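Remarks on the structure that follows.
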Amino acid sequence: MAILCDSQIRELISIEPFEPAAKRPGRISYGVSSYGYDIRVGSRFKIFTPTPRSGGITIVDPKAFSDELFVEIDCAETGADHVIIPPNSFALCETVEVIEIPRDVLAICVGKSTYARCGLVLNVTPLEPEWRGKVTLEISNTTPLPAKVYANEGIGQLIFFRAPMVCAVSYADKAGKYQDQKGLTLPKVD
């Protein structure tokens, strides 16, 4: 496998909207980087808010996930430039960019150091060959304090690995359940 460089990214990967490498004073960086692409978090967030239930503690179950565990905030509707993630909590959100991964490429996402140094951790599963859509992101606030996340600014870096041959079975071939996501998608089990 080989890591794609900046000139190969635009040529091989579909990213819309695509942003070149540029200094953006006062903003958390996004766009093409030396060996990757810095994605932006969108304006729509679902912030985890535990709700007490009669008879005990609510359990998070990936096979029976409830949207009631979240408060939805859309910065585009409220006019805010950020959201607050409560202490020791997390938010689900979506990328600004729509990504299409070629059949011979795998993408891994890592969090940006600006947020990591504030105790925020980004989790994204690998984008498999021929995966398409907006990426659903999970941002964990590991601190005992509330934390700001800025909408429409950089959140993580995609690193693209190109294989010497195409894969035998792609995400599209498997009809993956998160294929062609239009935005923030909650967990589901088929």
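The table below gives the values:
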{"item": "Cα gyration tensor shape of the stretch 41-148, rounded if a/c is under 1.5, else prolate or oblate by comparing a/b with b/c", "result": "prolate"}
{"item": "Shape of the stretch 1-98, Cα gyration tensor, a/c cut at 1.5", "result": "prolate"}
{"item": "For peptides 175-188, 61-74, 33-46, sequence by mean Cβ density within 10 Å, most packed first", "result": "33-46, 175-188, 61-74"}
{"item": "For R103, distant residues with modelled amide H under 5 Å away", "result": "E130"}
{"item": "Inter-label distance for I159 and C118, nm, one decimal - labels placed 7 Å from Cα along Cα-to-Cβ", "result": "2.3 nm"}
{"item": "Order of R103, R117 - criterion: other Cβ atoms within 10 Å of each residue's Cβ, fewest first", "result": "R117, R103"}
{"item": "C-alpha center-to-center spacing [the stretch 22-92, the stretch 111-155] in angstrom", "result": "8 Å"}
{"item": "Within the stretch 150-190: Cβ-based charge dipole about Cα centre, in debye rounded to nearest 20 (Lys, Arg +1; Asp, Glu -1)", "result": "80 debye"}
{"item": "Positive-pole candidate from P25, F48, P62, dipole of the stretch 1-78, charges at beta carbon", "result": "P25"}
{"item": "Convex hull of the chain built on C-alpha atoms - directionally averaged projected area, nm²", "result": "12.1 nm²"}
{"item": "Mean Cβ neighbour count within 10 Å, used as a protection proxy, ranking 159-166, 144-151, 89-96 highest first", "result": "89-96, 144-151, 159-166"}
{"item": "Flagged links, alpha-carbon separation over 25 Å, of K63/K177; K23/K46; K46/K182; K63/K174", "result": "K23/K46"}
{"item": "Dipole magnitude of the stretch 1-142 about its Cα centre (Cβ charges: Lys, Arg +1; Asp, Glu -1), debye to nearest 20", "result": "420 debye"}
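Each reported figure results from applying straightforward, stated rules to the coordinates on display, with no laboratory input. Please read these numbers as outputs of a predicted model, since none were measured by experiment. As a convention, Cβ positions derive from the backbone with ideal geometry for all residues, glycine included, and neighbour counts pool all protein chains shown.
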